[in-house]
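See structure below.
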Amino acid sequence: MRKPKLKYALLALVLCTSALSLHAQNDGIPVTSMSRLRNVAGDTAQFNQQSKLQYDQMLNEAHKKDAVATERNPQLIRLRAIAKRLIPYAARWNPDAAKWDWQVNLLKSDTVNAFCMPGGRIAFYNGILVKLNLTDDEVAMVMGHEIAHALREHAREQAGKNAVTNVGARILGALGSAYFGVDPRVGDAAAGVVAKGAALSYSRGDESEADLVGMDLAARAGFDPRAGIALWQKMGQVNQRQPIGFLSTHPTSKDRIQNMQDHMHLVLPVYARAKGLDPNKLPAYHSIALPRS
Ligand SMILES: [Zn+2]
């Protein structure tokens, strides 16, 4: 008589665990289907391969100018540790991401910018870390936002909108390279870095999606999604002192912050769960003030 009881208990346990994991996947920012326009730009594998060439070319140019941080650079170690926490949650937004050859590099440049090219190739400029005094949560928000553009294939979508049907033929041209978030025409004289990242601007809809997907990725990895609000407020303040590159392609606005605030109730419970905290008793988020100069 005992056996069936045990069987039911086990069955209940299995059902309970699967309900939990299902719940874990369904909360947060809802996953929507991706724009069909991206298919106009050709095959994903080909697109990602071309973007790898662009990234390697950019790194080569930067290496020649001694502008790539070495493996032992503490800021690079920090960036890679943050990426390692975010990446496991990427496949929720694009199943292909599980197979991507992810890379993270730090460019020794004062430029306030960061980007993630199709296929998961991330670069941060030192300027964004230093001039904004970013906390780890804020770095995760920038990285999550940039990863989200790659995951949701916004570059392919943009290329599709521009009716680029043969990416391979265009990639070596200045116009084509802009589609991959790096514009080699624009030199960064101060640091001697030839490539200036994130020359690509996306639509408002893509920007809004990247903000929300980025918050979702960060929250699952245990980074406070409220850092997103602090980040954009800091961006606005720094930009008042001196226009920054990141804002030329990412206009800051009340809409952007409002959109993040409107969705905060969806991601805060995800963050609380990741940290093992009570969602109703989360301590306030504390940013770090901007440097004085
Ligand atoms: Zn963006």
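The values are calculated or read from the model by the stated rules, or taken from the named source; none is laboratory data. A quick note: this is a predicted structure, and the numbers were derived from the prediction, not measured. All Cβ positions, even for glycine, are placed from backbone atoms using ideal geometry, and neighbour counts span all protein chains on display. Side chains included, ligands, DNA and RNA excluded: accessible areas come from the protein's heavy atoms. Shrake-Rupley method; radii C 1.70, N 1.55, O 1.52, S 1.80 Å.
Of the residues making up the stretch 19-70, just one is part of a loop (DSSP other than H, G, I, E, B), of a type in the set (Gly, Ala, Ser), modelled with pLDDT of 75 or more and open to solvent by 30 Å² or more (accessible area, probe 1.4 Å), namely Ser33.
Scoring Arg121 on the criteria (1) open to solvent by less than 30 Å² (accessible area, probe 1.4 Å); (2) among the charged types (D, E, K, R); (3) under 19 Å from Asp224 (Cα atoms) leaves a single failure, condition (3).
Pro225 fulfils the conditions (1) surrounded by fewer than 19 Cβ atoms within 10 Å (Cβ to Cβ); (2) within 21 Å of the chain's Cα centre (by Cα); (3) at pLDDT 95 or above; (4) not aromatic (Phe, Trp, Tyr) except for a single criterion, (1). Whether a residue is within 26 Å of Asp216 (Cβ to Cβ) and modelled with pLDDT of 90 or more was assessed, and Arg80 passes this test. Of note, Ala190 satisfies the criterion of being part of a loop (DSSP other than H, G, I, E, B) and modelled with pLDDT under 90.
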